[in-house]
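Chemist: A single structure is presented below for examination.
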């Protein structure tokens, strides 16, 4: 993105979702839905996305969320990373979280998607 022609700021977006099963299909569906919501709610194009870090709870190990995101058209230059969420007793099971660094227009208010059972993590959002 050419930041010299547009007034933008670096913004960290958060989001989370849950999936039903520890399967490639279930994780893929959940990650795709989360990314669609992240992009649509914030009116993003790939050039605005700098990086996304995904974390998953220890009960999800069927596939890497970043490998799902990497299949999106135009996402070749986006830095993607997976990690395991630290274990906390009574944490929300089968949860996928993300932290995305993006460039937003100055007047745009960031919108953080919390989907599925993860809505309970941030009822304020």
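None of the figures in this text is laboratory data; all of them are computed from the coordinates on show. Not measured: the values here are computed from a predicted model. Cβ atoms come from the backbone with ideal geometry, glycine included; neighbour counts cover every protein chain shown.
Chemist: I'm spelling it out carefully: the read-out is Cα extents along the principal axes in Å, the candidates are [x] 46, 32, 22; [y] 66, 29, 24; [z] 37, 34, 21, and one was derived from this structure. Which label?
Modeler: Computing Cα extents along the principal axes in Å and matching it to [x] 46, 32, 22; [y] 66, 29, 24; [z] 37, 34, 21 gives [x].
Chemist: Going by alpha carbons, how many degrees (0 to 90, nearest 10) lie between the helix axis of 24-41 and the longest principal axis of the chain?
Modeler: Around 30 degrees separate the two axes.
Chemist: Going 7 Å from the Cα of residue 9 toward and past its Cβ, which residues in the stretch 70-113 have a backbone nitrogen under 16 Å from where you end up?
Modeler: Residues 101-112 qualify, since their backbone N sits under 16 Å from the label point.
Chemist: When DSSP beta bridges are limited to those with both residues in the chain, what percentage is antiparallel, rounded to the nearest 5? Provide the component values of the computation, followed by the final result.
Modeler: Numbers: 18 of 25 bridges.
Bridges in the chain that DSSP calls antiparallel: roughly 70 percent.
Chemist: The stretch 62-108 to the stretch 4-47: how many Å between their Cα centroids?
Modeler: Here the two parts' Cα centres lie 7 Å apart.
Chemist: Give the relative contact order (percent, whole number) for the chain; include only Cα pairs under 8 Å separated by 6+ residues. Before the final figure, lay out each step's value.
Modeler: Working: 228 pairs, mean separation 53.5, N = 125.
That works out to 43 percent.
Chemist: Sum -39500 (n - 2.57) across every DSSP H segment of at least 4 residues in the chain, then divide by the residue count to get the 222 nm mean residue ellipticity, nearest 500. Walk me through the intermediate numbers first.
Modeler: Working: 2 runs with 23 residues, N = 125.
Taking each H run of at least 4 residues, the total per residue is -5500 deg cm²/dmol.
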